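Asks: Below is the structure I would like to discuss, written out as C-alpha cells.
What follows is calculated from the coordinates using simple rules that are stated; it is not laboratory data. Fair warning: this is a prediction, and the values are worked out from it, not measured in the lab. Cβ coordinates were reconstructed from backbone atoms using ideal geometry, including for glycine residues, and neighbour counts include every protein chain displayed.
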Amino acid sequence: MTDSCSRLKFVSAFFFFPVRSLLGRIGMRWDISAIANAYYREEFNRVPAAEKAVVLPHCLIDEKCQARFSKEEGVLCVKCERCRCGEIRDLCEERGWQFYISPSTNFTKRLVQRRGIRAALGAACDFEIEKGIRSTRITLRGVRLKRKKVIPQVLLTSRYDCLHNDIDWELLRRIILNGAGGV
Ligand code: SF4
C-alpha cells in the first residue's frame, strides 16, 4: 500500500468512526485496529528496542496469579507459568524491550510518560478500543498519551471478558521476534 493510500484509509477510518453503526446498515464496515496497525507499522518497527514496550492488560493474567503489584510498574509477573505473560516477559527481556502488565488505561498513560516509551504493543477488547478512540487524541504521528506521542500496535482480545480473556499469543511472539507485520 502506498503511503498516501494508507494515510487516506487511516484518516477516513477515524473520521467516519462516530457514524460507523449507521454506515454498517448499508454494508460499510471496517476493522479500525487493523487499519491503524497497518498505518503505524513501519514507524513502530523503526523505534529502538529499549524504547518499545509490550503493555498487556491485567485481564490476561491467571486468576491465581502470584504476582505482586507495584505502583510504579503495575503487575510484577514472577513467571509462575499459569498464564503466558511470563513467557512474553522472558522474550521481551531477551530482545531488550520493556514489559508491563497494566491494571488500567490511566496507569498505562502514566507508565508511558515515566518510562520513556515511544512505541507500545498492547491488547484490548472492542469496548476498550472504542473508549480509547473517544477519549484519546489519535494523530497521524501517533496516539497522544498525556504529553507524549506513542506509536501503537494493538492485538484484539478474543473475548469481551475482564476475567478470562485471551489473545493470539503466537502473533504477539512473532511481532516481538520479527517486527509488526512480520510472520
Ligand atoms: S505468569 Fe506471571 S502474570 Fe501469569 S499468572 Fe504467573 S505471575 Fe501472574
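Asks: What is the distance in Å between the Cα centres of the range 30-52 and the range 115-183?
Replies: Taking the Cα centre of each part, the range 30-52 and the range 115-183 sit 9 Å apart.
Asks: Can you tally the net charge around residue 173? Count Lys and Arg as +1, Asp and Glu as -1, for every other residue whose Cβ sits under 10 Å from the Cβ of residue 173.
Replies: The answer is -1.
Asks: Suppose the chain between residue 178 and residue 149 were pulled fully straight at 0.36 nm per residue; how much longer would it get relative to their current alpha carbon spacing?
Replies: Stretched out fully, the residue 178 to residue 149 stretch lengthens by 8.1 nm.
Asks: Turning to a different aspect of this structure: Based on DSSP H runs of at least 4 residues, each adding -39500 (n - 2.57), what is the mean residue ellipticity at 222 nm of the chain after dividing by all its residues, to the nearest 500 deg cm²/dmol?
Replies: -12500 deg cm²/dmol
Asks: For the chain, what ratio Rg/Rh do Cα atoms give with a Kirkwood hydrodynamic radius?
Replies: That ratio is 0.96, to two decimals.
Asks: Would you order 14, 44 from fewest to most other beta-carbon atoms within 10 Å of each residue's own beta-carbon?
Replies: Ascending number of Cβ neighbours within 10 Å: 14, 44.
Asks: Same structure again: Using a Förster distance of 25 Å, how high is the FRET efficiency between residue 16 and residue 105, based on the Cβ-Cβ distance and rounded to 0.05?
Replies: The value I calculate is 0.60.
Asks: Can I ask one more? Just how many pairs of Lys in the chain have C-alpha atoms closer than 28 Å, counting pairs that are eight or more places apart or on different chains?
Replies: 29
Asks: Using r as the Cβ-Cβ distance of residue 78 and residue 168, and R0 as 30 Å, what FRET efficiency do you calculate, to the nearest 0.05?
Replies: 0.80
Asks: Once the Cβ-Cβ distance between residue 66 and residue 130 is put in as r, and R0 is 45 Å, what FRET efficiency do you end up with, to the nearest 0.05?
Replies: 0.85
Asks: Still on this structure: Obtain the nm distance between the two label points defined at residue 158 and residue 94 by a simple spin-label model: each point lies 7 Å from its Cα along the Cα-to-C-beta direction.
Replies: The answer from the label model is 2.2 nm.
Asks: Using the Karplus curve 6.51 cos²θ - 1.76 cosθ + 1.60 with θ = phi - 60°, work out ³J(HN,Hα) for each residue of the range 39-44 in order, rounded to whole Hz, and write x for Gly and Pro.
Replies: Once θ is set to phi - 60°, the couplings for the range 39-44 become 5, 7, 3, 5, 5, 4 Hz.
Asks: Looking only at 57, 103, 152, which one moves most when the chain is put into a Gaussian network model with springs between Cα atoms under 10 Å?
Replies: Judging by the Gaussian network model, the answer is 103.
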